[in-house]
1. Since Gly6 meets every condition but one in (1) in contact with a Lys or Arg (Cβ under 7 Å, 6 or more places away or on another chain); (2) outside any helix (DSSP H, G or I), which condition does it not meet?
2. For Asn42, only one of the following conditions fails: (1) assigned to a helix (DSSP H, G or I); (2) in contact (Cβ under 8 Å) with a residue 60 or more places away in the chain; (3) not small (Gly, Ala, Ser). What is its number?
3. In the stretch 34-43, is there at least one residue being crowded, with 19+ Cβ neighbours inside 10 Å, among the charged types (D, E, K, R) and at pLDDT 95 or above?
4. Failed condition for Val55, given (1) open to solvent by 30 Å² or more (accessible area, probe 1.4 Å); (2) in a loop (DSSP other than H, G, I, E, B), with all others met?
5. Looking only at the stretch 72-106, filter to residues that are in a helix (DSSP H, G or I) and free of Cβ contacts under 8 Å to residues at least 24 places away in the same chain; which one of those is least open to solvent (accessible area, probe 1.4 Å)?
Amino acid sequence: MTSNQGLRVGFIGTGWTERVQIPTFRLGGLTAQAIASGHVENAERVASTLDIPEVHASWEALIASENVDIVSIVTPPALHREIAVAALQAGKHVICEKPTALNMDEAEAMLAAAQAAPQ
């Protein structure tokens, strides 16, 4: 049993997520629990192909899921700050693809949300 076993990941975005993140995270012992996309049909396809139990029509719904411990943000960078801050405020762990932020102000907002997040 790995130390990651039982941790459930919700993925926001489908392209890189499907090809790289989900298979790699599973190798590390993480559970692919949920997926959301700006195009719900993409999330439904990936969920069906990779046996992911939850599909959400919005990133907000995924973050609200009590079945998600970690949120992996794989969206266009302009959305990273908003999603990361919301996920951190919801008490989720966050993994954010690069570039993490578009500028220093966004990065500082994300850092502040991480530092203020529930432990």
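The values are calculated or read from the model by the stated rules, or taken from the named source; none is laboratory data. Note that this is a predicted model, so its numbers are computed, not measured. Counting neighbours? That spans all protein chains shown, and the Cβs are built from the backbone with ideal geometry, glycine included. SASA here: full protein model, heavy atoms, side chains in, ligands and nucleic acids out. Shrake-Rupley method; radii C 1.70, N 1.55, O 1.52, S 1.80 Å.
1. It fails just one condition, (1).
2. (2)
3. Looking for residues that are crowded, with 19+ Cβ neighbours inside 10 Å, among the charged types (D, E, K, R) and at pLDDT 95 or above, one finds none in the stretch 34-43, hence no.
4. (2)
5. Across the stretch 72-106, the extreme among qualifying residues is Leu79.
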